[in-house]
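A.B. asks: One structure, pasted below without further comment.
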Amino acid sequence: MNSIIDPYFLMEIFLKLLGYIPMTLGLAITSMVLASILGLFMLIIRMKKIPVLSKLAELYVLFGRALPTMIILYIVFFALPIALMIFAEKTGQKIEINQVPAVVFAVIGLTIHTGAYLTEVFRAAVQSVDKGQMEAAYSIGMTWWQGFYRIIFRQASVFAMPLMANQFLNLIKSTSIAFMITVMELFGAANVICADNNRYLEVYIVVAFIYWGMSVLFEKLFLVAEHKLAVFKKGSNL
Amino acid sequence: MITFKNIHKSFGDNEVLKGINASVPTGSVTVILGPSGSGKTTLLRSINFLEKADRGEIILDDLHIDVEKVTKQEIHEIRQRTAMVFQSYNLFKNKTALENIMEGLIVVKKISKAEAKEKAIIFLEKVGLGSKGDFYAHQLSGGQQQRVGIARALALNPDVILFDEPTSALDPELVGEVLEVMKKIAQEVNCTMIVVTHEIGFAREVADHVIFMDGGVIVEEGTPEQVLGAPKNERTKQFLARYVSFTEYNI
């Protein structure tokens, strides 16, 4: 125990922490999927300029991006149950708020945060598509939805991929904040090990290494997805 | 037959169309000429509501549209009965040449994929690009892209094809091939063509009817012989004198 870094201990905690990867990635992937759906909804609401809703969407994007992730998580974790309790009392329904696991609140919070960014990512992506594409779709008799789904969406997704990769890598790291609302994920587990063994350096080296590994993996995955989607651009310099 | 009645359109304070009245007979080739900013493209785009005119009526055979009270349904219907060829081609970038033509057939005309493909191949051959079916837009030259654009419009068997300066973005060497295809379909296909262009040679040779616009109004219209050969209006004379000398191509 006298050496600064004990290689056996390093290995031991590495194996221990591997078990928390599913929680971290589960949080990140679930939130990403939900945030993408949310972002797509917001995008369409704003594109179609639906009254009232589009104003609300704008407000959401404003707040979602302005608030620190941790504050959003705290609001969801502490304020949402209270709001639900009041709602339950008023309507006489029974909602067992205590039985909802913390991880659900974490997913909700991370989704709200990421969704706001993705809304803007999608907007940029759609704007990158030449407006003549939609005009061409209209000119052959397509509806807005047909043109959006079959033409604009496909072209915009290529543009959006690198930005979504960015957002996802950010999200993986943001999941460490979920520990603050008692979710036992990678960073949380690492902190517990630190406290148990009183050894900080090894644990943080290992945990940093694991985050790095996950990021590299997903960077590559997104790159593959981008190339798959961009099949129609082969040979062009874009 | 397409009829415009008192079409008005402003962009802010700038009144681009100041009450257009005109009609285009079924099966004819009508060429709209005029200097830049005369409103000819706006007029063309107001037919399929890519630009919504402020007031007036657009009548396509049995479809009467009062622009001010137009419904989504009416816009959709007139778009299904017309097709457009764009100045910047606007081929769907995520589709091959063949898929560009099939797209409208499958999605709008609701015919089967196999049948659409067969049909698309025929039209691609018609514009002389039978071997380019699997190429994406960026792999084709401007002239080839525009010919695919024409095939895409033709395949839908529309009542009217709207040509919005189809050769303006092409370099001079490629203009000929596109005009040739347009001339060919004017002769072979019995569909109304409205062509906004600066190609006076094309107007003279192919058009049945020529409309000359300036400053948001129709200055003069008639057969090519009348308008181009013996213009009556001073503005038309002036325009033609400046134009004919250096923009004529042999087709």
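A.B. asks: If you check every pair at least six apart or on different chains, which have Cβ atoms under 7 Å apart with a residue in the stretch B:126-140 that is within 11 Å of chain A (Cβ to nearest Cβ) first and a residue that is of a type in the set (A, V, I, L, M, F, W, C) and crowded, with 21+ Cβ neighbours inside 10 Å second?
C.D. replies: B:PHE135/B:ALA97; B:ALA137/B:LEU91
A.B. asks: So which residues in the stretch A:35-79 are in a helix (DSSP H, G or I) and more than 20 Å from the chain's Cα centre (by Cα), if there are any at all?
C.D. replies: Result: A:ILE45, A:ARG46, A:MET47, A:LEU53, A:SER54, A:LYS55, A:LEU56, A:PHE78, A:ALA79.
A.B. asks: Next up: Among the residues of the stretch B:112-119, are any at positive phi and of a type in the set (Lys, Arg)?
C.D. replies: Within the stretch B:112-119 (the criterion being at positive phi and of a type in the set (Lys, Arg)), the answer is no, since none of the residues qualifies.
A.B. asks: Among the residues of the stretch B:90-113, is any under 16 Å from the mean Cα position of the chain (by Cα), within 14 Å of chain A (Cβ to nearest Cβ) and in contact (Cβ under 8 Å) with a residue 24 or more places away in the chain?
C.D. replies: Scanning the stretch B:90-113 turns up at least one residue that is under 16 Å from the mean Cα position of the chain (by Cα), within 14 Å of chain A (Cβ to nearest Cβ) and in contact (Cβ under 8 Å) with a residue 24 or more places away in the chain.
A.B. asks: Also, I was wondering about something else. If we keep just the residues of the stretch A:120-173 that are over 23 Å from the mean Cα position of the chain (by Cα), facing chain B (nearest Cβ under 9 Å) and charged (D, E, K, R), which is farthest from A:GLU219 (Cα to Cα)?
C.D. replies: Ranking the candidates gives A:GLU135 first.
A.B. asks: Just to be sure, is B:PRO172 more than 14 Å from chain A (Cβ to nearest Cβ) and within 24 Å of B:ILE200 (Cβ to Cβ)?
C.D. replies: yes
A.B. asks: Continuing with this model, one more query. Give the stretch B:10-62 a look and list any residue that's β-branched (Val, Ile, Thr) and closer than 16 Å to B:GLU74 by Cα, or say none.
C.D. replies: Answer for the stretch B:10-62, where residues must be β-branched (Val, Ile, Thr) and closer than 16 Å to B:GLU74 by Cα: B:ILE47, B:ILE58, B:ILE59.
A.B. asks: Follow-up. Restricting to the stretch A:182-191, and then to whatever is assigned to a helix (DSSP H, G or I) and buried (at least 18 other Cβ atoms within 10 Å of the Cβ), can you tell me which residue is nearest to the other protein chains (Cβ to nearest Cβ)?
C.D. replies: A:LEU186
A.B. asks: Scan the stretch A:90-127 for residues that are of a type in the set (S, T, N, Q) and either in contact with a helix residue (DSSP H, G or I) (Cβ under 9 Å, 6 or more places away or on another chain) or modelled with pLDDT of 95 or more (or both) and jot them down.
C.D. replies: Once the filter is applied, which keeps residues that are of a type in the set (S, T, N, Q) and either in contact with a helix residue (DSSP H, G or I) (Cβ under 9 Å, 6 or more places away or on another chain) or modelled with pLDDT of 95 or more (or both), the stretch A:90-127 yields A:GLN93, A:ASN98, A:THR111, A:THR114, A:THR119, A:GLN127.
A.B. asks: What about B:ALA116, is it away from chain A (no Cβ under 12 Å) and touching a residue at least 12 places away in the same chain (Cβ under 8 Å)?
C.D. replies: Criteria met by B:ALA116.
A.B. asks: Still on this model: Condition check: farther than 27 Å from B:GLY19 by Cα and surrounded by fewer than 21 Cβ atoms within 10 Å (Cβ to Cβ). Does B:GLY215 satisfy that?
C.D. replies: No, not satisfied.
A.B. asks: Next question. So how many residues does the stretch B:34-47 have that are in contact with a helix residue (DSSP H, G or I) (Cβ under 9 Å, 6 or more places away or on another chain), at pLDDT 95 or above and not charged (D, E, K, R)?
C.D. replies: The total comes to 2.
A.B. asks: Does B:GLU99 satisfy being assigned to a helix (DSSP H, G or I) and exposed (fewer than 15 other Cβ atoms within 10 Å of the Cβ)?
C.D. replies: No.
A.B. asks: Inspect the stretch A:41-61 for any residue being under 30 Å from A:GLN146 (Cβ atoms), of a type in the set (D, E, K, R), surrounded by fewer than 16 Cβ atoms within 10 Å (Cβ to Cβ) and in contact with a Phe, Trp or Tyr (Cβ under 8 Å, 6 or more places away or on another chain) and give the result as yes or no.
C.D. replies: Yes: the stretch A:41-61 contains one or more residues that are under 30 Å from A:GLN146 (Cβ atoms), of a type in the set (D, E, K, R), surrounded by fewer than 16 Cβ atoms within 10 Å (Cβ to Cβ) and in contact with a Phe, Trp or Tyr (Cβ under 8 Å, 6 or more places away or on another chain).
A.B. asks: Next question, about the same structure. Scan A:ARG123, A:ARG199 and give me the residue that is in contact with an Asp or Glu (Cβ under 9 Å, 6 or more places away or on another chain) and among the basic types (Lys, Arg).
C.D. replies: The match here is A:ARG199.
A.B. asks: What about A:GLY115, is it in a helix (DSSP H, G or I) and within 14 Å of another protein chain (Cβ to nearest Cβ)?
C.D. replies: no
A.B. asks: Hey, any hits in the stretch B:82-89 for a residue that's more than 10 Å from chain A (Cβ to nearest Cβ) and either under 17 Å from B:ALA120 (Cα atoms) or surrounded by fewer than 21 Cβ atoms within 10 Å (Cβ to Cβ) (or both)?
C.D. replies: No, every residue in the stretch B:82-89 fails to be more than 10 Å from chain A (Cβ to nearest Cβ) and either under 17 Å from B:ALA120 (Cα atoms) or surrounded by fewer than 21 Cβ atoms within 10 Å (Cβ to Cβ) (or both).
A.B. asks: Let me ask you something else. For the stretch B:10-27, name all the residues that are surrounded by fewer than 17 Cβ atoms within 10 Å (Cβ to Cβ) and either part of a loop (DSSP other than H, G, I, E, B) or of a type outside the set (S, T, N, Q) (or both).
C.D. replies: B:PHE11, B:GLY12, B:ASP13, B:GLU15, B:LYS18, B:GLY19, B:PRO25, B:THR26, B:GLY27
A.B. asks: Same structure again: Given the criteria crowded, with 18+ Cβ neighbours inside 10 Å and at negative phi, does A:ILE205 qualify?
C.D. replies: Answer is no for this residue.
A.B. asks: Does the stretch A:27-40 hold any residues that are more than 14 Å from A:SER174 (Cβ to Cβ) and surrounded by fewer than 17 Cβ atoms within 10 Å (Cβ to Cβ), and which are they?
C.D. replies: Of everything in the stretch A:27-40, those that are more than 14 Å from A:SER174 (Cβ to Cβ) and surrounded by fewer than 17 Cβ atoms within 10 Å (Cβ to Cβ) turn out to be A:VAL33, A:ILE37, A:LEU40.
The values are calculated or read from the model by the stated rules, or taken from the named source; none is laboratory data. The structure presented is a predicted model; accordingly, all values stated were derived computationally and were not measured. Virtual Cβ from ideal backbone geometry, glycine too; neighbours counted across all protein chains shown.
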